[in-house]
Amino acid sequence: MTGTHDTPTPLLEFRNVSVIKGEKTVLDRISITIREGEHLAILGPNGAGKSSFIRAITREYYPVVQDGDVTFRIWGRDVWHVSDLRSLLGIVSNELQHTFTRNLSGREVVLSGFFASVGLFTHEVTGEMEEKTDEILSFLDISHLADRPMTLMSTGEARRFLIGRALVHKPRALVLDEPAGSLDLHALHLLRKTLRKIARAGTGIILVTHSLPDIIPEVSRVILMKDGTFWKDGPKGAILTSRNIGELFAIPVEVKEEGGYYYATGY
């Protein structure tokens, strides 16, 4: 899919998008363009509107009608059937993990990604799907856990199977909502390795988090979000400064970079 003069169509184009839930404006005239294959992170405190932004991407939320032009496009299209859109996006969230905390094997969870279902039910699993599932299990180094029920997995193990479920249908982008939540240090280490491997393999990553160290080195662009707005947007090194992060979280901090990761200290 291409745009004018062979310019690739952006993954996403939002202009002046506002979303109101109840009496609260959860997204306030946000504008953003995300390129195909881009790795970016959206960082902000709890309540900043990060999850609402993801719900706008997945068409769970729609913008309100207001004065001025509103652009609400994904891959150049304004209108999507939700099932078609979700076949192009891989979504991983804590909410999804809660949904899959049931007596399903890891393999079943990954296979369910072909059907956007919770479990396989009466869906017909083809040999090609089995083969692709095996490839994903191997790619994520979780083949040895494939027969274990999700209820008997650690949080980190289950998270990697949900990533496998998101990847099995070859999405054009992977969207991660607070992927490191509830993970211990070992699980966090494995998650980082997994995300870096996915990024290097060419799948675009949209990482939404409130934690600075979640941002893997492959992410080149960072957006700081607060009060339903995109407050800062730019190259990672220019955005992740002590002044910006201190103001974003309303605390004095010192931001340091080590091995491609950023950390905040002094608070």
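Distances between placed amide hydrogens fall under 5 Å for Ile91 paired with Val175, all partners being 5 or more residues away or on another chain. All alpha carbon pair distances within segment 87-135 were sorted into 10 Å bins beginning at 0; the resulting P(r) in whole percents reads 23, 58, 18, 0. Separation of segment 185-201 and segment 140-155, taken as the distance between their Cα centroids, equals 16 angstrom. Computed from point charges on the beta carbon alone (+1 for Lys and Arg, -1 for Asp and Glu), the dipole magnitude for segment 187-227 about its Cα centre is near 200 Debye. When only the Cβ of Lys, Arg, Asp and Glu is charged (+1, +1, -1, -1), the dipole of the chain relative to its Cα centre reaches about 280 debye.
Amide H contacts of Asp233: Leu224, each under 5 Å away and 5 or more positions distant or on a separate chain (H built 1.01 Å from N in the peptide plane; Pro and chain starts excluded). In this structure, the amide hydrogen of Leu12, modeled 1.01 Å from its nitrogen in the peptide plane, lies closer than 5 angstrom to those of Ile34, Trp75, counting only residues at least 5 positions away or on a different chain.
Springs join every pair of Cα atoms under 10 Å in this Gaussian network model of the chain, and among Val175, Val219, Val65 the largest mean-square fluctuation is at Val65.
A straight Cα-to-Cα reach below 16 Å connects Lys50 with the lysines Lys21, Lys24, Lys226, Lys232, residues fewer than 8 places away in its own chain not being considered.
Full extension of the chain segment joining Ser143 with Leu96 gains 14.8 nm, where the gain is 0.36 nm per residue of separation less the Cα-Cα distance. Considering the chain, its Cα convex hull presents a mean projected area of 15.8 nm². Taken along its three principal axes, the alpha carbon spread of segment 94-170 comes to 29, 26, 20 Å, from the longest extent down to the shortest.
Here the Karplus curve 6.51 cos²θ - 1.76 cosθ + 1.60, taken at θ = phi - 60°, turns the phi angles of segment 43-56 into couplings of 10, x, x, 4, x, 6, x, 5, 5, 5, 5, 4, 5, 6 Hz, with x standing for Gly and Pro.
Net charge dipole, segment 123-184: roughly 200 debye, given to the nearest 20, about the Cα centre with Cβ charges of +1 for Lys and Arg and -1 for Asp and Glu.
Every read-out reported here was derived from the displayed coordinates using simple, explicitly stated rules and does not represent laboratory data. None of the values given here were measured: they were computed from a predicted structure. Here the Cβ is made from the backbone with ideal geometry for all residues, glycine too, and neighbour counts use every protein chain on show.
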